[in-house]
Amino acid sequence: SLNVNSVHGPVVNPYRTLNEKLIPWAKRERRSAGGSSGGSAAAVAAGMCDAALGTDTGGSVRLPASYCGITGLKPSYGLISRWGVVSFADSLDCVGVLGKSIDTVKIVFDSISSYDPKDPTAATPCIRGKAQASVEALISALDTNTSKPDLSALRIGIPQEYFPTELDTTIVTAVRKVLKRLSSLGAQLIPVSLPSTPYALSAYYVIASAEASSNLARYDGVQYGTRSPPLPGTDKSKPSNVYAHTRSAGFGAEVQKRILLGTYALTADAFDNYFLQAQRVRQLVKSDFDSAFRVPNARLSSSPPNADGVDILLHPSAIRTAPPLDSDATSGLDPYLQDVMTVPASLAGLPALSLPAGSAADGWPVGISIVGQWGSDELVLRIGKVIQRTADTDDSYVPLEELAQSLYLLEHIA
């Protein structure tokens with residue numbers, strides 16, 4: 001989650017607070033860019049490119065987007081081809097897009113979101129069309145292209161489980177400002193409950209580690225992966241000795257840890273208690289989402305519309321701003337807890353968009369996430385565009401200390 005396990009070292013967040021804009025790079029505070037696609041997010045945030053691709057398994061696009069103050073989209077599972085992507089967890093992996101703005105993300109997404117017969121997990125054209133038709137009426141009813149859009153047809157769900165006690169209070173303040181703006185445009189704010197959410201993170205790490213263990217079993221250094229010659233005197237009559245040396249040299253400590261956890265979860269003694277239980281929790285998480293949304297899930301053969309449901313869910317992207325790289329947050333269990341807000345949408349395969357929602361008390365960016373029913377990526381992007389546009393024209397959105405700093409800089413330039 002924090003991108004500190006790269007072979008090149010930690011990815012440093014390039015974001016600059018107003019207090020740091022006159023400070024040389026070498027003297028600035030080093031904070032995490034998020035992971036595991038933090039490199040892509042950092043490249044966009046630093047202005048090195050307009051957009052970048054990342055892979056999102058449990059929040060690896062949305063968390064870096066939140067930490068770096070940019071926009072990140074995890075699409076509906078199966079919309080973007082994974083052909084050529086080295087698999088981590090097949091049932092969770094999604095290719096996502098990071099960009100400075102919604103418009104940039106949408107251009108890239110529209111270009112690469114098409115059916116690929118080489119990807120066995122790709123959503124078929126029939127399912128894509130069915131999902132698009134189910135949200136077409138709502139999209140047509142939302143006039144989002146004006147300076148003051150009419151959102152009276154939109155029902156926004158606020159999941160109560162996504163505001164835990166660990167959540168930074170200044171992040172809640174930023175989210176409330178966004179909700180207030182959407183409400184002023186006519187959107188209906190509806191509290192919802194997703195009761196299986198507290199168990200999602202545990203289930204995710206069991207499933208992801210188990211699938212990673214299975215996928216990386218092919219890494220033998222003979223037919224797949226980089227080969228590392230065995231040490232002199234190694235008994236080469238046993239293939240396991242050759243494999244073990246290659247894997248020890250090729251995998252870092254974090255990768256080895258996840259493979260071992262996943263292998264244990266798939267053993268005969270632990271399979272029922274861990275892996276099967278995690279799959280049951282995953283199904284409960286999916287059912288929670290399907291019960292919350294007004295639009296039926298296009299992937300289910302029989303899923304009636306829910307008149308009392310919501311169109312999108314809105315919640316904070318992370319429980320805190322980017323953690324300092326020299327803090328305790330980069331060790332122990334803390335890095336695993338950073339995904340607590342993003343994992344449920346991944347387990348259900350739903351589209352989720354993280355975009356900037358102002359700054360926290362420490363001056364670092366806050367991200368807000370929009371989650372939609374499977375296949376409603378267009379709706380999610382449109383609502384994100386409304387939030388982005390209204391934030392640009394909201395003067396009260398700028399904290400007082402930032403305004404004072406800006407005036408100070410203008411006086412110096414003059």
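For this structure, a couple of remarks:
- Only one of 392, 377, 288, 326 that is farther than 18 Å from residue 74 by Cα and at pLDDT 95 or above: 288
- Each residue in the stretch 260-285 was checked for being more than 23 Å from residue 348 (Cα to Cα) and either of a type in the set (A, V, I, L, M) or part of a helix (DSSP H, G or I) (or both), and 5 of them qualify.
- Filter result for the condition that a residue is at pLDDT 95 or above and surrounded by fewer than 23 Cβ atoms within 10 Å (Cβ to Cβ), over 76, 81: 81
- Filtered residues of the stretch 277-303 (kept if open to solvent by 60 Å² or more (accessible area, probe 1.4 Å), within 23 Å of residue 132 (Cα to Cα) and of a type outside the set (A, V, I, L, M, F, W, C)): 286, 291, 294, 299, 301, 302
- Qualifying residues in the stretch 329-342 (those that are of a type in the set (A, V, I, L, M, F, W, C), in contact with a Leu (Cβ under 8 Å, 6 or more places away or on another chain) and within 18 Å of residue 198 (Cβ to Cβ)) - the one modelled with the lowest pLDDT: 337
- Test: residue in the stretch 129-144 that is acidic (Asp, Glu), within 20 Å of the chain's Cα centre (by Cα) and either modelled with pLDDT of 95 or more or not in a loop (DSSP other than H, G, I, E, B) (or both): no
- Residue match in the stretch 91-102 (condition: loosely packed, with under 14 Cβ neighbours inside 10 Å and over 28 Å from residue 200 (Cα atoms)): no
- Matching residues in the stretch 183-217 - criterion: being open to solvent by less than 30 Å² (accessible area, probe 1.4 Å) and of a type in the set (S, T, N, Q): 196, 197, 209, 213, 215
- Residue match in the stretch 299-321 (condition: part of a strand (DSSP E or B), under 17 Å from the mean Cα position of the chain (by Cα) and over 30 Å from residue 29 (Cβ atoms)): yes
- All positions within the stretch 328-385 that are open to solvent by less than 30 Å² (accessible area, probe 1.4 Å), under 17 Å from the mean Cα position of the chain (by Cα) and closer than 13 Å to residue 175 by Cα: 354, 355, 357, 365, 366, 367, 368, 369, 370
- Some residue of the stretch 39-58 being among the polar types (S, T, N, Q), closer than 19 Å to residue 364 by Cα and either touching a residue at least 60 places away in the same chain (Cβ under 8 Å) or in contact with a helix residue (DSSP H, G or I) (Cβ under 8 Å, 6 or more places away or on another chain) (or both): yes
- Single residue of the stretch 243-276 satisfying the filter (open to solvent by 50 Å² or more (accessible area, probe 1.4 Å) and under 24 Å from the mean Cα position of the chain (by Cα)) that is nearest to residue 195 (Cα to Cα): 261
- Residue that is surrounded by fewer than 24 Cβ atoms within 10 Å (Cβ to Cβ) and not in a loop (DSSP other than H, G, I, E, B), where the choices are 63, 53, 22: 53
- Selection count where residues are open to solvent by 80 Å² or more (accessible area, probe 1.4 Å), in a helix (DSSP H, G or I) and either at positive phi or hydroxyl-bearing (Ser, Thr, Tyr) (or both), scope the stretch 162-178: 1
The values are calculated or read from the model by the stated rules, or taken from the named source; none is laboratory data. Source: prediction; values computed, not measured. Here the Cβ is made from the backbone with ideal geometry for all residues, glycine too, and neighbour counts use every protein chain on show. Accessible surface areas use protein heavy atoms only, side chains included; no ligands, DNA or RNA. Shrake-Rupley method; radii C 1.70, N 1.55, O 1.52, S 1.80 Å.
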